[in-house]
1. Give me the inter-chain shielding for B:210-223: mean count of other chain Cβ atoms within 10 Å, whole number please.
2. Out of segment B:105-154, which GluC sites (Glu not before Pro) are coil in DSSP terms and have no more than 14 other C-beta atoms within 10 Å?
3. Using a Förster radius of 35 Å, what is the FRET efficiency between residue C:150 and residue C:266 based on their Cβ-Cβ separation? Nearest 0.05, please.
4. Would you list, by chain and number, the aspartates and glutamates whose Cα falls below 16 Å from the Cα of residue B:133, excluding same-chain residues fewer than 8 positions away?
5. Within 10 Å of each residue's Cβ, count the other Cβ atoms and sort B:299, B:183 from fewest upward.
6. Semi-axes of segment C:13-216's equivalent ellipsoid from the Cα gyration tensor, sqrt of 5 times each eigenvalue, largest first, rounded to whole Å?
7. Based on the Cα atoms of segment C:1-134, what semi-axes does the equivalent ellipsoid have, where each is the square root of 5 times one gyration tensor eigenvalue, given in whole Å with the largest first?
8. Using a cut-off of 16 Å between alpha-carbon atoms, which lysines can reach residue B:254, once sequence neighbours fewer than 8 places away in the same chain are excluded?
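Derivation of every value follows stated rules applied to the coordinates shown; laboratory data play no part. Being a predicted model, the structure only gives us computed values, none of them experimental. No Cβ is skipped: glycine too gets one built from the backbone with ideal geometry, and neighbour counts run over all protein chains shown.
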Amino acid sequence: MSDAGTLLAVHDLCVAYGRSQVLFNVGLTAPHRGGVAVLGRNGAGKTTLMKTIIGELRNKSGSVRFAGREITQLATEQRVRLGLGYVPQEHGVFARLSVRDNLTVGALGGRRHDGIERALAIFPKLGQRLGQTAGTLSGGERKMLAIGRALLGEPKLLLLDEPTEGVWVGVIDEIADRLRALAQEIAVVIVEQHLQLALSVADQAYVLDRGRVALVGPSAEIRDDPRLLQYLAP
Amino acid sequence: MKHLQSPANKFSRRAVLRYAAAGSLASLAAPAIVRAAGERPIKVGLISPLTGAWTVYGKAHSAGFLLAVDEINAAGGVLGRKIEVVVADSKTEPRIVVEQANRLVREERVDFLAGTFSSAERNAAGPVVTAAKKVLLYPTFYEGQEQKYYPGVCNPDIFMFGPEPTQQVWPHMEYMMKNFGKKFFMIGSDYVWPRVTNEFTKEKLKELGGSVVGELYIPFNTPQYDSALRQIRESKANIIFHTLTGSDTVNFRKQFVAAGMNKDFTLWTVDDEEVVTSGLGPEVSAGAYVSFDYFMTIKNPNNGPFLERFRAKFGKDALMNTVGVAMYNAAHMAALALTKAGKVSTEALRDGLRDLAFDKAPQGTVTMRGRDNQMVLPSYLMRVRSGWTGVNDMFEEIQHFDSVTPVDARCKKLPL
Amino acid sequence: MQTALSVLVDSMLITFVFALAALGLAIIFGLMGVINMGHGAMLTLGAYFTWFATTKGVPFVAAVLLAAAGVGLIGLLLEHFIIRHFYDRPFETLLLTWGFFLISTELIKIAFGTDLRTVTNPLPGAAHFGSFVLPAYQSVVALISLALIVGLGVMLYRTGLGIKIRALVQNAEVASLLGLNVARAYKLVFVAGSAAAGLAGALISPMLSVDPYIGNIFLVRSFFVVIVGGIGQVLGGTLVGSFLIGGSETFFALFSGQVVAQTIVFMLAILVLRFRPAGVLRAQ
């Protein structure tokens, strides 16, 4: 069944917090290159899906295959070393460490130890903030730092949980540009409330509703699907 | 005199050892005892610091008593009855002493009690022995009797087998002052024994024309002595009069020598007997002056055979000291007192001990002064030899007095 | 002037010895949040290993290193078989390390006996400067303590490993997202803290009487040092805390008795905890 073009294959995934089940038989695939959006209203299970893929949550049943390998038994840091990256929704930076140290930690965790320059090339703004502690950065700069740092680990696939949440509107476009460029090189799975941004980054979109995949298809089709608003309405 | 506690003790199970005294071999050899074996033994409750910080002292403490009991039983017991010792662990904690003393009296129904170690332990046992109308035989060098510490002292039921300051300190003050100077710096642990001992010492010092240029009390378990050493250095004292106890005496003296101050000051300790001096080692202890009623190396007809019997029972490296010897004397003198009275009771023991002389004591002949239950003892001043290798060459005798009569106890009424 | 100088020197000596004794606790407590009640036992073990090795003819410096390594190894076993399973449960780790303290204290008594032991001072003598005196060995220990703290600072703030550890301490979850091996780093920190305690016990042993409770003298003081200095403030906190708990006593003792001085110090510590519960160096 393994498709040569598939990097990530989530199959029949069920996840529960104690007795309350949050994900029901979720399936999702991502190719080696390009964006995948995961949409849905609050509580639909988007973050749970992300955390299960990265290994912070354990699944009840189903499988997660990455680069042809079953990874559900691996610890988070092992998945990261296989090439998965994750930028969580909040608390994504080490607030008491300087920007430089934050980036250095990202570089140390990766396979290539060529320093922090690549992150600065993607987000030049961070270059002016290297000596500052990360806790003093603005929301947008924190997201840039978290994304830039995750990229230093050379991920093959980057999971992004709400990359524009809490970001000043003037900076959103800059982040969106970088994400679109990134999706040309690696796989990007993005959870995002900002619908237009998500669909502009992603070629493929999944819509979750109460823990189940309600819609799936190319971004262009999903954008025009009349049921979309119904699933996203609060 | 020692009163310390460690957190560990509060949690470990109460350790109570039962010492089955009396060699069965001895009773086979002596038909008289076989006859006596049918009689109920005389039970003694022995309260020793067997665990906790002061196990080092507990060994000689209990060993002296048990050795004497073995000797008494081997010679036929007391009034045809053997002595059975019930050993209880004080853990060097007054609270445990109260528990154990009560248990020994009520559950074990002992005929009398011996032991406890620090003044705090003895004072804790005081009310128990008074209420139970039992005698307590107390072995440790201590601060003397003063009415305000009743019923721990000035108690007709408590007998003191160790020396107090007018025996341990006063006899040697003239020598020390003549040879080293008249300015004393007093450093001691912060509790009753050092404070009262220093009061006595100051009284005599005044009489002899000396002065106190510093007086310092250190809380238990103090690790660092830099500021104490500086105060001593600045005081220009001649003699450091030392009443620190336990690990604090070791910690202070190690740092005193490390600071090179042993070259400039004479140290006189009334705490550091064989066990502590062994613990200090020759480098740290050399040159210090020590005074007690007993040392393992004193010469008299009793001491050599006593140590031979002690080593045969407890090993050739076992250490004896003033406290262990006091316990040894206490057991023998109690046996003599009961034999003399012809019966076993608190009154018989109390009356029998009063003014009883014991000529087999490792110190020579000693006498229990009837007026205030205080032993009349010899007093030795020793200097620690440099490069000593063991107890046999540890102390060099400077002077001694065969029998020192202490001043009267400061109790409300004498005789007790 | 002379007195002021010598008081200052005395208080520095005490401060650095206290800092040395507290460092292992500060590392484990400050970096991992594990309250290591076994810290006192680790100090004691370090002292006994040193005593044992020197009586077997091992040179003092080698004995100290062996003691540190030995206690580090014990820390490794303790972490691997017990502590690591309880990192998310602080109360359990407290009880477990307390259990370790009880057991190792009893084992020390069985293995080494309860007699007073003594480690010979390897550097007897003192340097005299007018009215103040520097005991040679204690001065060396103070310098080693200072070097350890500076070295630890360089390690934490200037090396990749240090940055990783600081990142991990702040947010283990994100650290694992960056591919850091959290379990291994915790193990490393616990072993380092244990070895530091062993080293401290070894270095302190020639200054004190070696008995099964030698570590207890420092345990309460070490906790005060760490808490007053500020949990998590491994370096500055340990030094400031050591000065307040140990060094300042020297100043108070100028005007009052030792007992009063120690009482003032502990009262100040309690006041600090009341009004600056996060430690002297932390604003909140």
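1. Across B:210-223, the average partner-chain Cβ count within 10 Å equals 3.
2. Filter output for segment B:105-154: B:107.
3. 0.75
4. The reachable aspartates and glutamates, counting only those whose Cα sits under 16 Å from residue B:133, are B:107, B:108, B:111, B:157, B:347, B:351.
5. In increasing order of surrounding Cβ atoms, one gets B:299, B:183.
6. Each semi-axis is the square root of five times an eigenvalue, giving 31, 22, 13 Å.
7. 33, 22, 12
8. Output for residue B:254: B:263.
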